[in-house]
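A short worksheet on the structure shown next.
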Amino acid sequence: MSKLKEKLAEKIDEWRPRIQKLQDEYGDVVVDEVTVNKILGGMRGLKSLITDISYLDPIEGIRYRGYTLPELFKKLPKPPNSEMPYVEGVVYLLLTGEIPGEKEIEDVLDEFKKRRILPRYVYEVIDAFPCCSHPMAIFSTAILTLHRESFFAKKYHAGLPKADYWDPTYEDALNLLAKLPEIGTYIYAKLYRDGKRIQSDPNLDFGASFAHMMGKPKPYDDVSRMHFIIHSDHESGNVSAHTGHLVASSLSDIYLSTSAMINGLAGPLHGLANQEVLRWLHEMMGKLNGQIPNEEEMKQFVWDTLNSGLVIPGFGHAVLRKTDPRYMIQREFSLKHLKDDPIFKYVDMLYKVVPPILKEHGKAKNPWPNVDAQSGIIQWHYGVQEYDFYTVLFGIGRAIGISANIIWDRALGYPLERPKSVTTEMLEKMVQEKVNKVK
Ligand code: CMX
């Protein structure tokens, strides 16, 4: 058994009694209130999910297993001559809750190395897609195609005790994660490089392997590591994480669940916002003939977008109430590596101009930039300029967190998710009864 799996098994045994105790002794304690607004408002803020993989504080931003992102970027081991940590380190941390040392990293590298080969039929499915298909539709399908490999599905049908569900789920998850750089880069090669695939190199780590197959020299390996790490988890309630959890709660395997979460990520209010930022920036650049706008011109463009009823992509958040730390990590990288790129100058000006406008506009609860405002321009700078592809990068990172969540869901025996719905008439009656009582 790998060190990672051994450690995970140990952690699962430690954790189970805590959940059991909560259920047995405190099952009826009230945690939150369901108001009419919570029902009609997309359950915003309703405390109704549990995860220990990450926690999103509205002001501080995300913590993975208790660590802020700046802490993690300092603590996690880095490959030689690299600015950014191993993605493998985040896999280890999210699964076990512990910061890995070099030995543990070696173990995860080895696990991925053994599992990275993609079956031929996945290339054929990608090849068979009709032209102009969105890369996220291809990505989701490629993952779905792998469902036939699921250990969980096979073992479940053969009869598997509930306490062991997590084991084949872990095997499926690692098998899938190890293949994602190959799937993502093959979609890129197929759509934008006449199908010219670059063979994977088993000696490279996750980020370097992705950069190699994209055909990009250093520091794109670090760009990839940074991108996958900051996108890997954002607690449980966002659309992609919640979708992955929900689908997996019916005991659909990792492939079915990850494919579903990718479909949620592909919406413009979620992951697709990173490509929308680039589309919007280019529209602005087109209008200004590529010139760097002055502040007044920039403000006017932002107002024109708002006045035409559109959102400013890359700004706002359903939970965060300050600048996203994922934005700040990428901004620091950009200030170091691409501060003279005109496209960074646009984004830098937006950073200053948009929040006061959104405040004056008066609708968005959070006027500050989110992760998507900055991620696309880094890709653009390093020559990945097909912005339809950007959400695939987000999806590769997010699959890491979703996998950790689903493995732990199975380990802790979380049940089928099944909230109750009411009709409008029922809700009106409930409201009326409350009003009558007060009178
Ligand atoms: N530009 C203009 N209006 C905005 C806005 C923005 N960036 N952000 C929020 N608003 C508006 C909302 O559309 C909403 O308007 P209506 O009342 O007319 O529907 C109002 O402000 C209140 O919204 P909110 O409570 O502040 O935000 P929500 O929780 O409803 O939505 C989000 C959050 C991210 C969908 C929203 O801020 C948005 O659309 N942002 C732009 C798209 C984006 O960047 N998405 C990526 C988020 C990060 C990710 O998941 O990848």
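The values are calculated or read from the model by the stated rules, or taken from the named source; none is laboratory data. Predicted, not measured: the structure shown is a model, and the values here were computed from it. Cβ placement follows ideal geometry from the backbone for every residue including glycine, while neighbour counts extend to all protein chains displayed. Note: areas computed on protein heavy atoms with side chains; ligands, DNA, RNA excluded. Shrake-Rupley method; radii C 1.70, N 1.55, O 1.52, S 1.80 Å.
Between region 266-298 and region 120-198, the C-alpha centres lie 32 angstrom from each other. Within the listed set E88, E171, E283, the residue fluctuating most in the Gaussian network model of the chain (springs between alpha-carbon atoms under 10 angstrom) is E283. GNM on the chain, alpha-carbon springs under 10 angstrom: the most fluctuating residue among E98, E297, E83 is E297.
Counting only protein heavy atoms and a 1.4 Å probe, region 109-203 has 48 square angstrom of accessible area per residue.
Per-residue 3J(HN,Hα) values for region 312-317, derived from phi via the Karplus relation 6.51 cos²θ - 1.76 cosθ + 1.60 with θ = phi - 60°, read 8, x, x, 10, x, 6 Hz in sequence order (x marks Gly and Pro).
Which pairs in the list K11/K336; K114/K336; K3/K75; K11/K74 are over 31 Å apart, alpha-carbon to alpha-carbon? Checking Cα-Cα distances, K11/K336; K114/K336 exceed 31 Å. Dividing the summed -39500 (n - 2.57) terms of all DSSP H runs of n ≥ 4 by the residue count of the chain sets its mean residue ellipticity at 222 nm at -19000 deg cm²/dmol. With the highest mean first, a sort of the peptides 57-63, 387-393 on other beta-carbon atoms found within 10 angstrom per residue produces 387-393, 57-63.
Among L95, L180, L306, which one shows the biggest mean-square fluctuation in a GNM of the chain, springs joining Cα atoms closer than 10 Å? Comparing L95, L180, L306 in a Gaussian network model of the chain, the most mobile one is L306.
Taking square-rooted eigenvalues a ≥ b ≥ c of the alpha carbon gyration tensor, is the chain rounded, prolate or oblate, where a/c under 1.5 means rounded and, failing that, a/b exceeding b/c means prolate? Since a/c reaches 1.5 but b/c is at least a/b, the shape of the chain is classed as oblate. Taking 0.36 nm per residue of separation and subtracting the Cα-Cα distance, full extension of the segment from D32 to A128 would add 29.7 nm. Taking the Cα centre of the chain as reference, the dipole from Cβ charges on Lys and Arg (+1) and Asp and Glu (-1) amounts to some 440 debye.
Under the simplified labelling scheme, the T423-D340 pair shows an inter-label distance of 6.9 nm, with each label point 7 Å from Cα along Cα→Cβ. Protection proxy ranking for 423-433, 259-269, using the average of other Cβ atoms within 10 Å per residue and placing the highest first: 259-269, 423-433. Peptides 36-47, 314-325, ordered by how many other C-beta atoms sit within 10 Å of their residues on average, highest first, read 314-325, 36-47.
Here the label points at K196 and S308, each 7 Å from Cα along the C-beta direction, are separated by 3.6 nm in the simple model. Membrane-span-like helices in the chain, defined here as complete DSSP H runs extending at least 24 Å along the helix axis by their C-alpha atoms with mean Kyte-Doolittle hydropathy no lower than -1.0, are 166-192, 342-361, 390-411; this is a sequence and geometry rule, not a statement about a membrane.
Mean separation of Cα pairs under 8 Å and 6+ residues apart, divided by the residue count of the chain: what relative contact order is that in percent? So the answer I get is 21 percent. Heavy-atom accessible surface of region 273-381, averaged per residue, reaches 45 Å², computed with a 1.4 Å probe.
The lysines within cross-link reach of K429, meaning a Cα-to-Cα straight distance under 29 Å and a gap of 8 or more places when in the same chain, are K38, K47, K420, K437, K439. Taking the 1.4 Å solvent-accessible surface of the chain as the whole, the part contributed by carbon and sulfur is 54%.
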